[in-house]
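Have a look at the structure below, then the notes.
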Amino acid sequence: MNSPQLLRTAAELKAAVAEALAAKSAAGAGAGEEPLSLGLVPTMGALHQGHRSMMDAARAENDVVVATVFINPLQFNDPEDLRRYPRTLEADVELLGAAGVDLVFAPDEDEVYPEGAPLVRVSSGELGARYEGASRPGHFDGVLTVVAKLLHYASPAAASGTPVRYRAYFGQKDAQQLVLIRRMVADLNFDTEVRAVPVVRAPDGLAESSRNGFLDPVHRRAAAVLPRALFSLRDRVSAGEPPDLAAAVALVKAQPLVELDYFDIVDPQTLQPLRPTDGPLEKPALALLAAQVGSVRLIDNLPLENPDTA
Ligand code: PAF
């Protein structure tokens, strides 16, 4: 197993990125048609199979892979949620080593926010105030601010004399986060390609999440109604029938341990609601939901595609 280098400061990371790229270049990478490449996978740790598939995607496409492990206080609007977020760095580094990651950046809060909470932040705008943002005010501004910083920290631009392709990997499970990061990268001209990695599901259908570990067996069984409801919608749409959102919502509401926050059908690129009429879907869509299951907030989503309009 490869043992990744663990870096604690931005200066250490910058030097390690430069060294890793130089070593790859000396070994002949980037000499052909494909330029040298660096893949960045930002995480908050407590890694699971969903993260593993992000690492695998990054490893398959890049010469150098950097993972970050940083629990970003700026994106937690509930101090209790931040306090109890799982901290498992040792196990995380082991998983990252098994996935062939080269460098792990795990800074302290003081390294990322030396002056305390930053005065200037990236604004997630109107889209950041909907869905997850409505229940977690400020969450997406905190996400975008730290992602901007992480993209700068690991940037290969300053570290190499030759052109380096820079890709960053995010899970499709956090669909709203992904859309907002794509917008930030486009709107603010980051020289980075955003890559989406599909949701990984457990055998009961539940999307892998660092929060699943907080579910006791009873709530875990109850939570499985969420993917069931998404699959029921998807199956209707795949059969060319109109999406029956009301029936899917009713399925979730019939489970007393699950409190639904939102369940909507949206445009996958803009997250604008697509209010389906009685007819079949006319373009690809995304079913998006969030629910409270006991003390645990879960989110999930599933693409919907009518084969007749694909
Ligand atoms: O998806 C996450 O784990 C976090 O929101 C991210 C992108 C690492 C930013 O803290």
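A few points about this structure:
- If the condition is being among the charged types (D, E, K, R) and assigned to a helix (DSSP H, G or I), then the range 84-100 contributes ARG84, GLU90, ASP92, GLU94.
- Every residue from the range 84-102 that is farther than 19 Å from GLN49 by Cβ, touching a strand residue (DSSP E or B) at 6+ places or on another chain (Cβ under 9 Å) and within 16 Å of the ligand (Cβ to nearest atom): none
- Once the range 278-306 is narrowed to residues that are charged (D, E, K, R) and part of a strand (DSSP E or B), the residue that is farthest from GLU80 (Cα to Cα) is ASP300.
- Residue within the range 58-69 that is at pLDDT 95 or above and within 20 Å of LEU180 (Cβ to Cβ) present: yes
- Residue that is nearest to PRO243 (Cα to Cα), among those in the range 258-310 that are polar (S, T, N, Q) and crowded, with 17+ Cβ neighbours inside 10 Å: ASN306
- Across the range 195-223, the qualifying residues are those that are without any contact (Cβ under 8 Å) to a residue 40 or more places away in the chain and open to solvent by 40 Å² or more (accessible area, probe 1.4 Å), and the one among them that is farthest from GLY279 (Cα to Cα) is PRO217.
- Matching residues in the range 251-277 - criterion: being outside any loop (DSSP other than H, G, I, E, B) and among the polar types (S, T, N, Q): none
- Among the candidates GLY100, GLY45, residue that is over 26 Å from VAL122 (Cβ atoms), open to solvent by less than 30 Å² (accessible area, probe 1.4 Å) and not basic (Lys, Arg): GLY100
- Restricting the range 101-122 to residues that are within 18 Å of the chain's Cα centre (by Cα) and in a loop (DSSP other than H, G, I, E, B) leaves a set whose member that is farthest from VAL17 (Cα to Cα) is VAL122.
- Filtered residue count, the range 256-272, keeping only those that are touching a residue at least 60 places away in the same chain (Cβ under 8 Å) and either charged (D, E, K, R) or at positive phi (or both): 3
Residues are listed down the side, and each one gets a yes or a no for (1) away from the ligand (no atom under 12 Å from the Cβ); (2) without any contact (Cβ under 8 Å) to a residue 40 or more places away in the chain; (3) surrounded by 22 or more Cβ atoms within 10 Å (Cβ to Cβ):
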residue	(1), (2), (3)
ALA117	yes, no, no
GLY128	yes, no, yes
HIS139	no, no, yes
ALA154	yes, no, yes
GLY161	yes, yes, no
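- Once the range 62-83 is narrowed to residues that are away from the ligand (no atom under 13 Å from the Cβ) and assigned to a helix (DSSP H, G or I), the residue that is most open to solvent (accessible area, probe 1.4 Å) is ARG83.
- Out of LEU226, LEU150, LEU178, LEU144, one residue alone is touching a residue at least 60 places away in the same chain (Cβ under 8 Å), closer than 23 Å to ALA46 by Cα, within 15 Å of the ligand (Cβ to nearest atom) and part of a helix (DSSP H, G or I). It is LEU150.
- Some residue of the range 38-51 being away from the ligand (no atom under 16 Å from the Cβ), without any contact (Cβ under 8 Å) to a residue 60 or more places away in the chain and either under 24 Å from GLY138 (Cβ atoms) or assigned to a helix (DSSP H, G or I) (or both): no
- As for the range 27-34, it holds no residue that is open to solvent by less than 50 Å² (accessible area, probe 1.4 Å) and either of a type in the set (Asp, Glu) or closer than 16 Å to ALA158 by Cα (or both).
The values are calculated or read from the model by the stated rules, or taken from the named source; none is laboratory data. Keep in mind that this is a model prediction, so the values were computed, not measured. Neighbour counts run over all protein chains shown; Cβ positions are idealised from the backbone, glycine included. Just so you know, the surface numbers come from the protein's heavy atoms only, side chains and all, with ligands and any DNA or RNA stripped out. Shrake-Rupley method; radii C 1.70, N 1.55, O 1.52, S 1.80 Å.
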